[in-house]
Amino acid sequence: MEEMYIIGVDIGGTWIRVGICAADLKEEKIKHKIARTGKESPYSISTSVCEILNQLLIENNIEKEYIIGIGLASAGPLDLDKGEIFNNANLGFKIIPLKKPIEKKFPEIPIYFINDCNAAVLGVHYFEAEEYEKDNLVYITISTGIGGGVICNGHLLLGKEGNAVEVGHGLVAPRSKIQCNCGSYGCWEVFSSGTGVRNRALEAISEGKLNIDILLEIVNNDITKITAKEIFQAARKGDKLSKKVIDDCVFYTTVGFGLVNNFYDCSTIYVGGAMMKDHEQILPPIIKQFKENPIIFTINNPPEIKLTKLGDDVGLRGALALVKYKTENHKVIS
Ligand SMILES: [Zn+2]
């Protein structure tokens with residue numbers, strides 16, 4: 001019998017990742033390509049997905065009829081029924097059709113559409129989690145924004161349109177005057193995402209209450225160069241303002257994880273996303289808090305907190321796992 005293959009696609013605000021793997025999903029057999037996310041028209045993304053996919057098939061000498069399915073994971077919000085992204089703040093169009101234009105080019109292959117963070121928790125479930133964690137598992141990404149995916153009682157939570165677990169817009173400080181991209185005030189991600197950390201630092205600089213010499217030295221006195229990365233760097237060197245911004249980031253992340261555990265009573269929260277490049281400044285104080293005095297943040301028994309090893313590929317891995325689970329009719333997605 002000829003070998004069969006699975007395709008995974010992960011669409012983010014900056015990068016599109018497309019991967020192909022033999023149907024047994026052995027890690028070492030995954031081959032993938034990356035391209036920048038096109039924002040010229042609502043069809044830019046679907047067009048590049050099809051182009052990259054064709055390249056992968058040609059380069060690996062694989063015919064379309066040996067593809068079992070395409071797992072299509074994307075930044076949301078999504079309308080799973082229509083196969084579209086809607087209202088995404090970073091992608092530039094109110095509605096971005098994804099599933100239909102790809103189906104047109106690959107009509108014989110089933111496409112399974114899913115929110116990227118929901119895919120990511122499936123990726124962790126298949127490729128990384130221990131047996132005892134699998135039935136009550138959470139993945140949280142802390143990146144430009146904050147998002148999550150939850151498997152509770154062995155089932156992936158999707159919600160009515162596929163956007164369950166939008167935890168980054170959970171209100172952790174509803175009386176705050178700090179406005180989020182979503183329009184609300186005091187969302188978790190205004191304090192703890194990469195964008196949030198940068199904005200909080202810029203605000204604190206304009207208030208001028210704390211010394212910022214170390215931070216300014218790192219960016220050669222050009223505050224437009226400040227991103228979360230420089231703030232973490234400055235905090236490591238003892239910069240007071242940067243330290244305060246990161247303390248807040250950590251505090252609200254502890255609040256967020258506590259709420260997630262209250263809602264889903266999870267065994268483990270796996271954490272990923274670009275902010276985890278500085279995980280050693282974020283995760284250890286939270287792990288310590290949940291070990292020594294969890295009750296302040298969560299009434300349920302505290303979860304383990306782990307950094308995902310899957311890095312930037314976690315969404316792509318999840319898209320691949322989704323197809324495998326669909327074809328096996330696995331209970332996690334039933
Ligand atoms: Zn928000």
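The figures follow:
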| item | result |
| --- | --- |
| Separation in nanometres of the label points that stand 7 Å from Cα toward Cβ, at I95 and R236 | 4.7 nm |
| Relative contact order of the range 132-308, pairs being alpha-carbon contacts under 8 Å that are 6 or more residues apart, as % | 24 percent |
| DSSP bridge pairs, the range 132-308: antiparallel proportion in percent, nearest 5 | 55 percent |
| Cα principal axis extents for the chain, largest first, Å | 67, 45, 35 |
| Only Lys, Arg (+1) and Asp, Glu (-1) charged, at Cβ; the chain dipole about Cα centre in debye | 760 debye |
| Protection-proxy order for peptides 312-318, 261-267, 7-13, each taking the mean of Cβ atoms within 10 Å per residue, highest first | 312-318, 7-13, 261-267 |
| Loop GluC sites (Glu not before Pro), the range 1-107, which have at most 14 other Cβ atoms in a 10 Å radius of their Cβ (DSSP) | E2, E3, E40, E63 |
| Sum of side-chain charges, A164 neighbourhood, beta-carbon under 14 Å (Lys, Arg +1; Asp, Glu -1) | -3 |
| Fraction of antiparallel bridges per DSSP, the chain only, in percent to nearest 5 | 55 percent |
| For the range 132-308: Kirkwood Rh in Å [reciprocal of mean 1/r, alpha carbons] | 16.7 Å |
| Label point distance in nm, Y66-D247, each placed 7 Å from Cα along Cα→Cβ | 5.9 nm |
| Local electrostatic count at L25 - Lys and Arg +1, Asp and Glu -1, tallied over other residues with Cβ under 13 Å | -1 |
| Contact order relative to length of the chain, as percent, for alpha carbon pairs under 8 angstrom and 6 or more apart | 19 percent |
| Kyte-Doolittle mean at least -0.5 and Cα axial length at least 18 Å: DSSP H helices in the chain | 44-59, 194-207, 240-264, 314-328 |
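Read-outs: derived from the displayed coordinates by stated rules, not from any lab. As the structure is a prediction and not an experimental result, all values here were calculated from the model. In this analysis, Cβ positions are derived from the backbone assuming ideal geometry, glycine residues included, and neighbour counts consider all displayed protein chains.
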